[in-house]
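Here the structure is laid out as structure tokens; the discussion comes afterwards.
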Amino acid sequence: MSTTPSAPPRPGRLSTALGLPRLGGQRLLLAAVLVDSAGSGLAVPFLLLYLTRQDGMTAATAGALLTVAGVAALAAGPLSGPLMDRWGPRRLVQAAHVLRATAFLGYLTTGSRSAVPVLATLAALGDNLFWPANRAFLARRCRPDELLPWYGLERTLRNVGMAVGGLAAGFLAEFGPSGLRLVMAGNAVSYVLATVLIALLPTSTARPSAGPAPAVVRHRPPAPRPDRAYVTMMAANTLLVLVSAGLPVLVPLYVVRWLHQPSWVVGAVFALNTVLVTAGQTLVVRRLERRDCLRVLQWAAVVWSAAAVLF
């Protein structure tokens, strides 16, 4: 009696309607995403406050040091590709977590101003290595036909984790310097725990090859010529990223130092922003998916400009 092989399980109707992928054996991965992002939600909105309160820096000095560290860490971008080829995205994600955990443990234990640029550079290196490796790592862990749902689920979980971390940080910061130290410690612990969870993931099985590939004569490609439209787009994108990155860094300092609000307000504002992004993301994407991307980016810039004027 012959039997036909069973088809892979299909996601339920509710999962399909919500755009969710098959979770399979990736629950540890989702847990790592939540833990990592909750730690980021703890520390990102309060790093400038920590440096100005704990280390006694002015806001201008702390901001300048973080900026210089970010520029110095830009070298990690071109290095991420060769490092992924050598180590694989999984190990590179773990290495990025270790770098960031080391940096925030350093913030916690050192009181030297001269150490801040080094620690900030370590954290920025970890950030710049993490994001390319994380995308490649996620692509290897999921089915090829479910890549976009996995990206959407991962982004949603990151927003949820950051909202929870932001609320917790706002509560802890009310206890003064000791509370801010707990915020830094919590972020470092989150990176360590995320590294352990990723290490516990089963190794993904490689897809079988159809056979040895035929020999191909490789020719050196012509040197790329700069394209004016592409360069313009990259310059505009850099400005948009600068604005979006400034929200979690500058608004907390603005709320506490200039509006004289308690620290818990920072956590509440940050959590509200994250919840609004999470709740509206799929609706906005569905509404705009057939519109011209350039026009959407232009309107995004207009909205951000209006928000800056209102602030």
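Counting only heavy atoms of the protein chains and using a 1.4 Å probe, Thr232 has close to 80 Å² of accessible surface. Ranked from largest to smallest solvent-accessible area, with a 1.4 Å probe on the protein heavy atoms, Tyr254, Tyr230 come out as Tyr230, Tyr254. Solvent-accessible surface of the range 59-136, averaged per residue with a 1.4 angstrom probe and all protein chains in place: 47 square angstrom.
Spin-label model, Asp227/Arg291: points 7 Å from Cα along the beta carbon direction are separated by 2.4 nm.
Counting only protein chain heavy atoms and rolling a 1.4 Å probe, the accessible areas of Arg291, Arg155 rank, largest first, as Arg291, Arg155. With kT/(6 pi eta Rh) evaluated at 4 °C and eta = 1.567 mPa s, and Rh the Kirkwood radius from Cα pairs, the range 41-108 diffuses with a coefficient of 94 µm²/s according to Stokes-Einstein.
Using r as the Cβ-Cβ distance of Met234 and Leu200, and R0 as 35 Å, what FRET efficiency do you calculate, to the nearest 0.05? That pair, Met234 with Leu200, gives E of 0.35.
With the highest mean first, a sort of the peptides 87-97, 163-173 on other beta-carbon atoms found within 10 angstrom per residue produces 163-173, 87-97. Take Arg140: with every protein chain present and a 1.4 Å probe, its accessible area is about 150 Å². Ordered from highest to lowest accessible area with the whole protein assembly present and a 1.4 Å probe, Cys142, Cys293 read as Cys293, Cys142.
Taken along the Cα-to-beta-carbon direction at a fixed 7 Å, the label points for Arg143 and Leu272 span 4.1 nm.
Per-residue extension of 0.36 nm, minus the Cα-Cα distance of Val302 and Thr110, leaves a gain of 64.9 nm for this segment. Taking a ≥ b ≥ c as the square roots of the eigenvalues of the Cα gyration tensor, the range 119-182 is oblate, since a/c reaches 1.5 or more and a/b is not larger than b/c.
At full extension, Ser244 and Trp87 could sit 53.4 nm farther apart than now, given 0.36 nm per residue minus the alpha carbon distance.
The values are calculated or read from the model by the stated rules, or taken from the named source; none is laboratory data. These numbers come from a predicted model, not from an experiment. Every residue, glycine among them, receives a Cβ derived from its backbone with ideal geometry; neighbour counts consider all protein chains shown. Areas reflect the complete protein model, heavy atoms only, side chains present, ligands, DNA and RNA absent. Shrake-Rupley method; radii C 1.70, N 1.55, O 1.52, S 1.80 Å.
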